[in-house]
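Participant: Sharing a structure below in structure tokens format, with a few things to ask.
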Amino acid sequence: MAQIDQSENPGVPSEVDSYHSLFPLEPLPPPNRIQKTSNFSYITSCYKAVNSKDDLPYCLRRIHALVFSYDFHAGAETMFSRHFNDPAADSYFTKRKWGQHELPPPRQHVGLLPESLIWAYIVQLSSALRTIHTAGLACRVMDPSKILITGKTRLRVNCVGMFDVLTFDNSQTNHLALMPQYQQADLISLGKVVLALACNSLAGIKRENLQKAMELVSINYSSDLKNLILYLLSEQSRLRSVNDIMPMIGARFYTQLDASQMRNDVIEEDLAKEVQNGRLFRLLAKLGTINERPEFQKDPTWSETGDRYLLKLFRDHLFHQVTEAGTPWIDLSHIVSCLNKLDAGVPEKISLVSRDEKSVLVVTYSDLKRCFESTFQELLAATNGPL
């Protein structure tokens, strides 16, 4: 729901094509900026915007002159910002000089990432590449600044397809001819990402630091992780496939599968709660269209008579009860319980007291449900359309 003050940000348009309510997702480049991004060699900016056609938020990536629209994931951050935003982490490669017999510091002293987390990332990124490569395409943006993290460990690859547009050449007759070459580059990029994660530093993937980086991996992580990195980064005489690294992942795949299924269980449980909340909200919304309606079909007393009067007293029973001392009595469980009984139409009796306390009406929830449904249907009939 984030919005900007248009008067303070005149450089952000109010609308772009069918998108409106633009909000910057990263600092905007200054108007006179000449520097280009390292990924695309163009000046870029990124916005959240709402599509007027479906009223859903999207992520707009602007290549100044051209805009790409992607799915929007609220609260997402890049792998770069989560894991590589500490300049001190590069000091092991930029300052530290290891002697011939001096070993890298042990894991507990350098704050390296848990190996289980790195394998969780490997499974997801390799799965993404497998999907893309199986379709005969290439990712070409396997970079920490273009990998999004939502929640604790969920990864998504951002900005896919942009290089295909920016480097499109009309003079080529076969636009897929270079795809195998791009797919091999994807595997090398994946190897660099994994190595950077294992070193907890982007400096580790520089050519001059590769030997030190691999020594760090050998001492702190399993041979499987080391072999996977070497396989992805090494030159091969044959074309490689992302499927080749499956044996190196091995049984760790089941660990990720179990974690995914457990997360699904948690999400389904939370979803079940939200389904109940939605059902109760619809009851309250319908009740709100009935209670205190000033006039219906030119009858100003409509909401105060007949079945509508019972529903008014029920509304007071839900929200306006007081203690013996006359102070408000607020109990959310009472509200939820009464609404559930109304929705089910249980035969339980309920005493509804008028505001002047001169009359008490004893009815069942099934009676109230009948009044509620018939009254709402009366309103619907007058609108000549469904809710």
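The values are calculated or read from the model by the stated rules, or taken from the named source; none is laboratory data. A quick note: this is a predicted structure, and the numbers were derived from the prediction, not measured. Neighbour counts run over all protein chains shown; Cβ positions are idealised from the backbone, glycine included. Surface areas here come from the heavy atoms of the whole protein model, side chains and all, with no ligands, DNA or RNA. Shrake-Rupley method; radii C 1.70, N 1.55, O 1.52, S 1.80 Å.
Participant: How do F68, F253 rank by accessible surface area computed with a 1.4 Å probe, from largest to smallest?
Facilitator: In descending accessible area the options line up as F253, F68.
Participant: Treat every Asp and Glu Cβ in the stretch 1-72 as -1 and every Lys and Arg Cβ as +1, leave all other atoms uncharged, and give the resulting dipole magnitude about the Cα centre to the nearest 20 debye.
Facilitator: Its charge dipole is roughly 360 debye.
Participant: Here's another thing I want to ask about it. Do the alpha carbons of any pairs in K298/K341; K349/K369; K53/K146; K146/K226; K273/K349 sit beyond 21 Å of each other, and which pairs?
Facilitator: K298/K341; K53/K146; K146/K226; K273/K349
Participant: What list of ³J(HN,Hα) couplings, whole Hz, do you get for the stretch 280-295 from phi and the Karplus terms 6.51, -1.76, 1.60, once you set θ to phi - 60° and write x for glycine and proline?
Facilitator: Each residue's phi maps through the Karplus curve to give 5, 4, 5, 4, 5, 5, 5, 4, x, 6, 9, 5, 6, 5, x, 7 Hz.
Participant: If the chain between D86 and A135 were fully stretched, how many nm would it gain, using 0.36 nm times the residue separation less the Cα-Cα distance?
Facilitator: Value of the extension gain: 14.0 nm.
Participant: I'd like the Kirkwood hydrodynamic radius of the chain, using the inverse of the mean 1/r over distinct C-alpha pairs, in Å.
Facilitator: That comes to 26.8 Å for the chain.
Participant: Exposed loop trypsin sites (Lys or Arg not before Pro) only (DSSP loop, at most 13 other Cβ atoms within 10 Å): please give the longest stretch of the chain free of them, not including the sites.
Facilitator: Of all site-free stretches, the longest is 153-237.
Participant: Any chance you could get the radius of gyration and Dmax over the Cα atoms of the stretch 265-380, in Å?
Facilitator: 15.6, 52
Participant: Among the chymotrypsin sites (Phe, Trp or Tyr not before Pro) in the stretch 159-225, which ones are in a DSSP loop with at most 15 other Cβ atoms within 10 Å of the Cβ? Mind listing them?
Facilitator: Those that pass, being in a loop and sparsely packed, are F168.
Participant: Same structure, new question: Report the extension gain between E208 and S41 in nm, rounded to one decimal, defined as 0.36 nm multiplied by the number of residues separating them, less their alpha carbon distance.
Facilitator: This chain segment gains 57.7 nm when fully extended.
Participant: Could you tell me the center-to-center distance, by alpha carbons, between the stretch 300-325 and the stretch 328-360 in angstrom?
Facilitator: 10 Å
Participant: Obtain the nm distance between the two label points defined at S52 and L280 by a simple spin-label model: each point lies 7 Å from its Cα along the Cα-to-C-beta direction.
Facilitator: It is 3.8 nm.
Participant: Which of the chymotrypsin sites (Phe, Trp or Tyr not before Pro) across the stretch 271-373 are loop residues per DSSP, with 14 or fewer other Cβ within 10 Å?
Facilitator: Taking the stretch 271-373 and a limit of 14 other Cβ atoms within 10 Å, the loop chymotrypsin sites (Phe, Trp or Tyr not before Pro) found are W329.
Participant: Rounded to whole Å and ordered largest first, report the semi-axes of the equivalent ellipsoid of the stretch 1-72 derived from its Cα gyration tensor (root of 5λ).
Facilitator: One finds semi-axes of 21, 15, 10 Å for the stretch 1-72.
Participant: Given the options A251, L239, P87, identify the residue whose Cα lies farthest towards the positive end of the charge dipole of the chain (+1 on Cβ of Lys, Arg; -1 on Cβ of Asp, Glu).
Facilitator: It is L239.
Participant: How high is the relative contact order of the chain, given as a whole-number percent (alpha carbon pairs under 8 Å, six or more residues apart)?
Facilitator: For the chain, the relative contact order is 9 percent.
Participant: State the answer as a single residue: which of I267, Y58, L112 lies farthest towards the positive end of the charge dipole of the chain, with beta carbon charges of +1 for Lys and Arg and -1 for Asp and Glu, about the Cα centre.
Facilitator: L112
Participant: List, in order, the whole-Hz ³J(HN,Hα) value for each residue of the stretch 355-362 obtained from phi through the Karplus relation with A = 6.51, B = -1.76, C = 1.60 and θ = phi - 60°; use x for Gly and Pro.
Facilitator: Along the stretch 355-362, the couplings run 5, 8, 6, 8, 9, 10, 10, 9 Hz.
Participant: Calculate the dipole size of the chain relative to its Cα centre from +1 charges on Lys and Arg beta carbons and -1 charges on Asp and Glu beta carbons; express the result in debye to the nearest 20.
Facilitator: 1260 debye
Participant: Have a look at F372, G326, V123 and report the one farthest towards the positive end of the charge dipole of the chain, computed about the Cα centre with Cβ charges (Lys/Arg +1, Asp/Glu -1).
Facilitator: V123
Participant: Longest span of the chain, sites excluded, free of GluC sites (Glu not before Pro) in DSSP loop with at most 12 other C-beta atoms within 10 Å?
Facilitator: Within the chain, the longest run free of exposed GluC sites (Glu not before Pro) spans 103-234.
Participant: Here is a follow-up. Suppose the chain between T383 and N170 were pulled fully straight at 0.36 nm per residue; how much longer would it get relative to their current alpha carbon spacing?
Facilitator: Result: 71.1 nm gained on full extension.
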